[in-house]
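Here, each number is a calculation from the coordinates, and none is a lab measurement. Here the structure is a predicted model, which is why all the values come from computation and not from measurement. As a convention, Cβ positions derive from the backbone with ideal geometry for all residues, glycine included, and neighbour counts pool all protein chains shown.
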Amino acid sequence: MTLLRAAARTLLASQFVVSGFKAIKNPQPLVPAAQPVVDRWLPVLQKYAPEQVTDVIPNDTATLVRINGALELVGGLALASGKGRRIGSTLLAISLVPSTVAKYPFWTRTLPEDKATDRELFLKNVSLLGGVLLAARDTEGKPSLAWRAQAGGAAIAKDTQKAGKRVAKNTQHITDAALSSGAVLVGAAVTQGRKATKRANKELKKSREAAAARAAQARKLAAKQEKKDTKVAVKQDLKAEKLNQKAIAKAENVAAKQHAKEQVKAEKKAARLDKHIKRGEN
């Protein structure tokens, strides 16, 4: 920022800084002038603005005057210091419109002297609005973002055209070289394909032989296991048969002893009966 720009911005911002400070500190003197504007435009804003905006807009005229003064103060300080000067100038332009309409409505005056005074002050504020709009567009001699984007796009398009021409030239040479070496590549590919087929057939034969060997070994192992299982089953059957024979013999022995006991008892009983019979006969 040059010294001339710094001085000009400070002079332009001074009016807004003082006016904004006064409005924040003591808004009551400005309320009567701002009230008609608030009554006219606040209902329109509340009707058409989004709910997120209308929820935060105060209805008190004094609060609205303070908000407008805060915009003037912040925008003036940003413009004077050069920190956020373009945003600050935009804030000043926003705050200048309602304050000008509220303070100097010359079209409502009836006396010629009042109308002339308000017209002059109104035009003064219009001049200030032009100044802050110029400050909002000032890039200090540097190209704006839009100009730089447009210039960058044109440079890219030009470079792309040049690159396309170079690629077109090189493509012809590449095509000729590819055609000349194509036959060699095809021959090599055919040769390599035949070799690969032979290797694949050998590998397939080896795989089949290995699979057959593994299958034969598996069959041998299965036969051995089957023999072992058969021997074990035969042994278990013999053991079971012996146990059954022992159980049968034991049962027969017990039955024979029981039969012998019962036969002895029957004989004794028969002998006793014979004795009784003989006694009766005598």
According to a simple spin-label model (label point 7 Å from Cα along Cα-to-Cβ), what is the distance in nm between Glu252 and Lys25? 13.7 nm
Taking Lys275 as the anchor, which aspartates and glutamates have their alpha carbon closer than 16 Å to its alpha carbon, excluding any fewer than eight residues away along the same chain? Glu267
Between their Cα atoms, which of Lys239/Lys265; Lys22/Lys115; Lys22/Lys83; Lys83/Lys124 are more than 29 Å away from each other? Lys239/Lys265
How big is D for the stretch 188-282, in µm² s⁻¹ as a whole number, if Stokes-Einstein is applied with the Kirkwood radius of its Cα pairs at 25 °C and 0.890 mPa s? 112 µm²/s
